[in-house]
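Just so it is clear, none of the values below were taken in a lab; they were calculated from the coordinates. It should be emphasised that the depicted structure is a prediction, and the values quoted were computed from it without experimental measurement. Every residue, glycine as well, gets a Cβ built from its backbone with ideal geometry; the counts of neighbours run over all protein chains shown.
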């Protein structure tokens, strides 16, 4: 009886023991760190300040001999050459020539490349025949063929446009052909079941489906077109920013090299912003 009584009392006291155990403290919730974004004017102020500091260090280093002024020049000399470039040189002519070559190569290469890529939808046999040639042309280093293009088209505008077109055309063709392959076959069958013609399917379904692929190429193609134009000017040209860089380098005028590079960078940023604005307009039109 004693053992049974002790066992029953132990069983009765166990829940009380459990209930009297102290509760575990909940772990504090860890929140993601939140960074306060600076306003745009503050970011711009920091960027300008950083640029001023770098230019000041460059100038001090060149004047004290820590930086070789012959190979690197100095900001004051670059500024002086910049003033002369715009007041006594052919700055606006060179900028206009490079801009024209880039814009023409961009428009022609993007348009023809998009047309070729879209044409692959009309015939699978035609696409199968042509795609290996397109891929083979893409694998060729086209900048290495630039001297041959100069010999064929001359040193004028046509050769620079041809190089810029070659750089943009193949990339556009391959990208748009990928967009053609991604067209929903169920949507095609639906169009045909509703009595649409092949031309209507192409115009109402295939082209709108490939437009986002074409739009995504615009910013890439403007950079490729500018590269092609400048490389062509390096080889043989009468005007252009690439020709100015090559000329300044040949006479060891490093300040003028920096000026031409600065102007070329500014031109590329302006064209990039213009193409980005065009891309936003086109995307808004496609989405709506």
Subject >> Potential extension, residue 63-residue 140 segment - 0.36 nm per residue separation minus Cα distance >> reply: 23.1 nm
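Quick check on the exposure proxy: order 252, 272 from fewest to most C-beta atoms within 10 angstrom.
252, 272
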Original post:
Can you give the calculated 222 nm mean residue ellipticity of the chain, where each DSSP H run of n ≥ 4 adds -39,500 (n - 2.57) and the sum is split over every residue, rounded to the nearest 500 deg cm²/dmol?
Top reply: -25500 deg cm²/dmol
Original post:
Size of the chain along its principal axes in angstrom, Cα-based, largest extent first?
Top reply: 118, 77, 35
Original post:
Taking Cα atoms, how many degrees apart are the long axis of helix 40-64 and the longest axis of the chain, rounded to 10 and kept between 0 and 90?
Top reply: 60 degrees
Original post:
Considering every Cα-Cα pair within the range 100-232, what fraction, in whole percent, is farther apart than 22 Å?
Top reply: 42 percent
Original post:
Where the centroid of each part is defined by its Cα atoms, how far is the range 229-288 from the range 110-133 in Å?
Top reply: 31 Å
Original post:
Hey, rough spin-label estimate for residue 51 and residue 194, points 7 angstrom out along Cα→Cβ, what's it come to in nanometres?
Top reply: 5.2 nm
**OP:** Sort the following peptides by mean Cβ neighbour count (other Cβ atoms within 10 Å, averaged over residues), highest first: 221-233, 165-177.
**Re:** 221-233, 165-177
Original post:
Sorted by average packing, counted as other Cβ atoms within 10 angstrom per residue and highest first, what order do 40-53, 95-108 take?
Top reply: 95-108, 40-53
Subject >> Rounded tilt (10° steps) of 157-181 against the dominant C-alpha axis of the chain >> reply: 30 degrees
**OP:** Before anything else, pin down the relative contact order of the chain: Cα pairs under 8 Å, at least 6 apart, normalised by residue count, whole percent.
**Re:** 23 percent
Original post:
In square nanometres, what is the average projected area of the Cα convex hull of the range 50-138?
Top reply: 10.5 nm²
